1. If you take the beta carbon distance between residue 132 and residue 177 as r and set R0 to 45 Å, what does 1/(1 + (r/R0)^6) give as a FRET efficiency, to the nearest 0.05?
2. Based on the Cβ-Cβ distance of residue 6 and residue 192, what FRET efficiency does E = 1/(1 + (r/R0)^6) give at R0 = 22 Å, to the nearest 0.05?
3. Sort 11, 40 so the one with the fewest other Cβ atoms within 10 Å of its own Cβ comes first.
4. Stretched out fully, how many nm does the piece from residue 117 to residue 39 gain, at 0.36 nm a residue minus the Cα gap?
5. For a test of the definition: using alpha carbon positions, the gyration tensor, and the 1.5 limit on a/c, classify region 87-146 as rounded, prolate or oblate.
6. Working out 0.36 nm times the residue gap between residue 48 and residue 145, then minus their Cα-Cα distance, what length gain in nm do you get to one decimal?
7. Looking at the square roots a ≥ b ≥ c of the eigenvalues of the Cα gyration tensor of region 41-199, which shape do they give, rounded for a/c under 1.5, prolate if a/b is larger than b/c, or oblate?
Amino acid sequence: MTLKLEPGTRLVVATHNPGKARELAEILEGRFQLVAAGELGLPEPEETEQTFQGNALLKARAAAEASGLIALADDSGLSVKALDGAPGIYSARWAGPSKDFGLAMKKVEERLEEVGAEDVSAWFTSSLAVAWPGGPAVVVEGRVDGVLTFPPRGDKGFGYDPIFIPEGFTQTFGEMEPAAKDGMSHRARAFVKLKAALL
Ligand code: ITT
């Protein structure tokens, strides 16, 4: 069976993170009719898998079953080389229940100091999953490499953007215009793969 996503299809975007929802809408460029998970009052499933792809699939499947619509989910995070890939799939959880990313970025800085790391290499990963209600699903992954900088700089992005400088640039994702980030981000790279698979 060939899976295809026709232009104009109604898609529920299974995220409760407004920064992500905005970027996904920008990256999809009006190709689909997007419905927000919040609009449908969809519950936030517990992320019980151990990989980005596993959690992206879990979120897309849960939203597709609950809404009866084709669902798109993103599971993503920041991985730091000197911290063996942490916070990784725990990126949102490092910000605590109040989703305080100032605190999460401070935690990254403190952990780097604790291990005496000189290497500040890091990468963002985004897994995008599309699930059909009662049917199949597709999952892809994109990554962008870079380095960390402290203190945080810029307020244009979300999450860990203010401490991440992508390879070949001097500005953090927090300082860049959204269109510049969308041109190279982990999420945009994952979408290129999704397009190849489904469009
Ligand atoms: P949903 O599960 O509802 O989509 P979430 O924020 O809990 O929202 P994740 O479990 O995928 O999503 O957590 C990923 C975290 O990693 C997210 O909260 C961000 O802080 C961070 N992150 C992911 N992509 C990012 C990006 O492009 N820029 C900055 N931080 C990012």
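1. Working: r = 35 Å, r/R0 = 0.77.
After rounding to 0.05, the efficiency reads 0.80.
2. Working: r = 19 Å, r/R0 = 0.86.
The calculated FRET efficiency here is 0.70.
3. On the way: 11 22, 40 14.
Arranged by neighbour count, lowest to highest, 11, 40 become 40, 11.
4. Details: separation 78, 0.36 × 78 = 28.08 nm, distance 4.37 nm.
The span from residue 117 to residue 39 would gain 23.7 nm if fully extended.
5. Working: a/c = 4.09, a/b = 1.87, b/c = 2.19.
Taking the square roots of the gyration eigenvalues as a ≥ b ≥ c, region 87-146 is oblate.
6. Details: separation 97, 0.36 × 97 = 34.92 nm, distance 2.59 nm.
Stretched out fully, the residue 48 to residue 145 stretch lengthens by 32.3 nm.
7. Values: a/c = 2.09, a/b = 1.62, b/c = 1.29.
Taking the square roots of the gyration eigenvalues as a ≥ b ≥ c, region 41-199 is prolate.
Read-outs: derived from the displayed coordinates by stated rules, not from any lab. Not measured: the values here are computed from a predicted model. So basically every Cβ, Gly included, is an ideal-geometry build from the backbone, and we count neighbours across all protein chains shown.
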